[in-house]
Amino acid sequence: MHYFSINEIKEWDRFYRANFINSLQGFKPVSLLGTVNEKGQPNLAIFSNIVHLGADPALIGFINRPIEAAPHTLHNIEVTGEYTINHIQPSFIKAAHQTSAKYPAEQNEFTATGLTPIFLENCKAPFVAESAIKYALQLVEIVPITHNQTFLVIGTITHVFLEEGLVKQDGFIDAHKAKSITSLGIDGYYSTEPIGRFEYAKPNKEVKKLLEE
Ligand SMILES: Cc1cc2nc3c(=O)[nH]c(=O)nc-3n(C[C@H](O)[C@H](O)[C@H](O)COP(=O)(O)O)c2cc1C
């Protein structure tokens, strides 16, 4: 095995080091966050640092970079308290990636990338029409991470929209069937291959694969 010490890693070229550290964590969910500003202008940006924080209450968090690097989504969430998270399918991956470009505040990324905004259930924030799995959140808390000037943005789920046939009998959402993609680092995208679901593990009991419906 190769061994790397942090002192060695710190000596590397900035871009090489960023790729190495960004992909070390492994595969991540990747989605498009939809918001509007105070004038109602839509904004769309790709995010992959998205994490489940609890099922009851239903909380999802995401990490926003320092304000100078990624200002618009965070600002819009602060002023409206609402945002949507939209899974990405391979059919619109290029447009999704394009939303990471540093567009000026007055540029609507839906228009710039050709993705379709859709307003549902009285949510102020736009959903992505092309996305098979999408949900809206109400802001709960923005936690500044002072160590590196990033923010943990915590929201509670308010509305969920899924294409037909994605929810299994026990409530499990089949994101593989939806063809939702996953990401590695900040420029690698992957499709999934199922291995199986397993029953609830108990000490001293051999765990079994669940039979799929
Ligand atoms: C695959 C990928 C994942 C990204 N994940 C994040 C993330 O989790 N947090 C973040 O702040 N920026 C992330 N970015 C960068 C933002 O998409 C980018 O800064 C964008 O311009 C932010 O737009 P905004 O200012 O409209 O919010 C990611 C970019 C890519 C390509």
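Coordinate-derived values only; no laboratory data. Remember, it's a predicted structure, so these values are computed and weren't measured experimentally. Cβ placement follows ideal geometry from the backbone for every residue including glycine, while neighbour counts extend to all protein chains displayed.
Some observations on this one:
- Residue in the range 191-199 that is closer than 17 Å to HIS87 by Cα, assigned to a loop (DSSP other than H, G, I, E, B) and in contact with a Phe, Trp or Tyr (Cβ under 9 Å, 6 or more places away or on another chain) present: yes
- When the range 1-24 is limited to residues that are part of a loop (DSSP other than H, G, I, E, B) and hydroxyl-bearing (Ser, Thr, Tyr), the one that is surrounded by the fewest Cβ atoms within 10 Å (Cβ to Cβ) turns out to be TYR3.
- Within the range 92-116, being assigned to a helix (DSSP H, G or I), among the polar types (S, T, N, Q) and either touching a Lys or Arg at 6+ places or on another chain (Cβ under 7 Å) or surrounded by 14 or more Cβ atoms within 10 Å (Cβ to Cβ) (or both) holds for GLN98, THR113.
- Selection from the range 41-56 of residues that are part of a loop (DSSP other than H, G, I, E, B) and either within 15 Å of the ligand (Cβ to nearest atom) or touching a residue at least 40 places away in the same chain (Cβ under 8 Å) (or both): GLN41, SER48, ASN49
- Residues of the range 67-76 satisfying the condition of being more than 6 Å from the ligand (Cβ to nearest atom), touching a strand residue (DSSP E or B) at 6+ places or on another chain (Cβ under 6 Å) and not hydrophobic (A, V, I, L, M, F, W, C): ASN76
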